[in-house]
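Presented below is the structure to which this report refers.
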Amino acid sequence: MADAKLDNVRKTFNDGQVVAVDDIDLHIEEGEFLVLVGPSGCGKSTTLRCIAGLEVPDSGTITFGGHDVTELPPKDRAISMVFQNYALYPSMTVYENMAFGLKMRGADKEKIDEQVRWAAGIMEISDLLDRYPNQLSGGQQQRVALGRAIVRDPALFLLDEPLSNLDAKLRAVMRTEIQELQQELDVASVFVTHDQEEAMSMGDRIAVMNAGRIEQIAPPEEIYHDPNSLFVADFIGSPSINFFEMTFDGSSVTGDEFGVDLPEAVAEELRDGLSGEDVVVGIRPGNINVTDAGTGLVDIEVEVVEPMGDTKILYFDLDGQRVNAVVASTDRVQEGDTVGLEVEWPNVHFFRPDGPKVIK
Ligand code: ATP
């Protein structure tokens, strides 16, 4: 068991022109499942590759269990990695695929056999050991890839978008399997994805990355309910949060579409936290309540209703701005209805126009 720590890690490419990882600090605790999430190009894979030893940082240090591994090659770090393209060797059986890494490291036959059978047992693929990869389903192949990764009993488990080649249903199954596997092994793990729903459903903690930096690192509920920046609020949550650019006059906020007197406690915090008048108000679709026309902040026509199973998403056009709200599927509201919109103010987020959250 070990933790992993990144201190001030920086990695650039093209003679410093591309800053892939911008002086980040990250502590992956013992036994923790940490998810790195963010848009394409934000530096997730490069961060993971630095942890793995596949890239050497320009500056900063990486330690595992207190030992400096910054310059160590991957083979000398007790890590295992699973990639998006988990390519198994087609001419080898499942057993041989799983044994390969240990064999290369010169482990003796008995030890290899013991470890392969242990990993196969955990991944429930013991009955597939004699098959070749082309005789397996996609899910079975992915389980073999995971089995091959855990066969070394790693101190740190690194996964880079390992599920992105699978269909939606199998992905959901494998998410659970990976979480169960991680809990069983109790090994610190870093899982990279660009899919915020995957991140929310899997991570003990989530690190949201943006342009080479970590914007926020916290448990999923905190990331969702208490995003510390516009970027995090926007990136996390589906359907996405509604933003309104408004001005604050000390007691109320006013925008092009609507204005409202704020509860005094909220207004007081805004007075303390805002330097100018401009504020971006972020309201999650679940915090907009649909009422009878004439009883809310604004009256508005429902443009589109999108059934989602237990809920439905309502889309509105508020003077050219798309607004969405979520209601229970039993709600009888229909396209073309005129309804009122009310806001749950305690759950509303206020941001400075340059990004940071105003009310902590
Ligand atoms: P994705 O989700 O698309 O895989 P990512 O968040 O994993 O993206 P990285 O692959 O870490 O992002 O890339 C971060 C930045 O570094 C990008 O601008 C990318 O183009 C650049 N980059 C990554 N590897 C190299 C390389 N070997 N040479 C030059 N630039 C690179």
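Worth a mention:
- Considering each residue of region 165-183 in turn, none proves to be within 16 Å of the ligand (Cβ to nearest atom) and in contact with a strand residue (DSSP E or B) (Cβ under 8 Å, 6 or more places away or on another chain).
Let's see how each residue does on (1) under 30 Å from GLY355 (Cα atoms); (2) polar (S, T, N, Q):
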{"position": "ILE125", "(1), (2)": "no, no"}
{"position": "PRO133", "(1), (2)": "no, no"}
{"position": "GLN140", "(1), (2)": "no, yes"}
{"position": "ARG148", "(1), (2)": "no, no"}
{"position": "PHE157", "(1), (2)": "no, no"}
{"position": "ALA168", "(1), (2)": "no, no"}
{"position": "LEU181", "(1), (2)": "no, no"}
{"position": "VAL208", "(1), (2)": "yes, no"}
{"position": "GLN216", "(1), (2)": "yes, yes"}
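- Exactly one residue out of LEU128, LEU136, LEU146 is surrounded by 17 or more Cβ atoms within 10 Å (Cβ to Cβ), under 27 Å from THR47 (Cβ atoms) and among the aliphatic types (A, V, I, L, M): that is LEU146.
- Among the residues of region 331-343, none qualifies, meaning not one is within 26 Å of the chain's Cα centre (by Cα) and under 23 Å from ASP234 (Cβ atoms).
- Extreme residue, surrounded by the most Cβ atoms within 10 Å (Cβ to Cβ), among residues of region 328-357 that are within 26 Å of VAL305 (Cβ to Cβ) and hydrophobic (A, V, I, L, M, F, W, C): VAL339
- Residues of region 2-32 satisfying the condition of being assigned to a loop (DSSP other than H, G, I, E, B) and either more than 14 Å from the ligand (Cβ to nearest atom) or buried (at least 16 other Cβ atoms within 10 Å of the Cβ) (or both): ALA2, ASP3, GLU29, GLU30, GLY31, GLU32
- Unique match (being more than 24 Å from GLN216 (Cα to Cα) and more than 27 Å from the chain's Cα centre (by Cα)) among GLU277, GLU306, GLU269: GLU277
- Filter result (crowded, with 16+ Cβ neighbours inside 10 Å and free of Cβ contacts under 8 Å to residues at least 40 places away in the same chain) within region 75-119: THR93, TYR95, GLU96, ALA107, ILE112, GLN115, VAL116, ALA119
- Those residues of region 216-236 which are more than 14 Å from PHE351 (Cβ to Cβ) and either modelled with pLDDT under 95 or in a helix (DSSP H, G or I) (or both), in sequence order: PRO220, GLU221, GLU222, ILE223, TYR224, HIS225
- For region 45-55, filtering for residues that are within 9 Å of the ligand (Cβ to nearest atom), more than 15 Å from the chain's Cα centre (by Cα) and not acidic (Asp, Glu) leaves 2.
- A single member of THR70, THR63 is in the same structural domain as ASP153 (by TED's automatic domain parsing), of a type outside the set (Phe, Trp, Tyr), in a strand (DSSP E or B) and away from the ligand (no atom under 14 Å from the Cβ), and it is THR63.
- For region 131-139, the criterion of a residue being modelled with pLDDT of 90 or more and in contact with a Lys or Arg (Cβ under 9 Å, 6 or more places away or on another chain) is satisfied by at least one position.
- Filtered residues of region 33-44 (kept if within 16 Å of the ligand (Cβ to nearest atom) and in contact (Cβ under 8 Å) with a residue 40 or more places away in the chain): LEU34, VAL35, LEU36, VAL37, GLY38, PRO39, SER40, CYS42, GLY43, LYS44
- Residue tally, condition closer than 16 Å to ASP68 by Cα and either assigned to a loop (DSSP other than H, G, I, E, B) or among the acidic types (Asp, Glu) (or both), over region 33-56: 4
- Scanning region 141-164 for residues that are among the hydrophobic types (A, V, I, L, M, F, W, C), within 16 Å of the ligand (Cβ to nearest atom) and under 21 Å from ALA2 (Cβ atoms) yields a count of 2.
The values are calculated or read from the model by the stated rules, or taken from the named source; none is laboratory data. What you see is a predicted model, and the numbers here were worked out from it, not measured in a lab. Please note: Cβ atoms are built from the backbone with ideal geometry, for glycine as well, and neighbour counts cover all protein chains shown.
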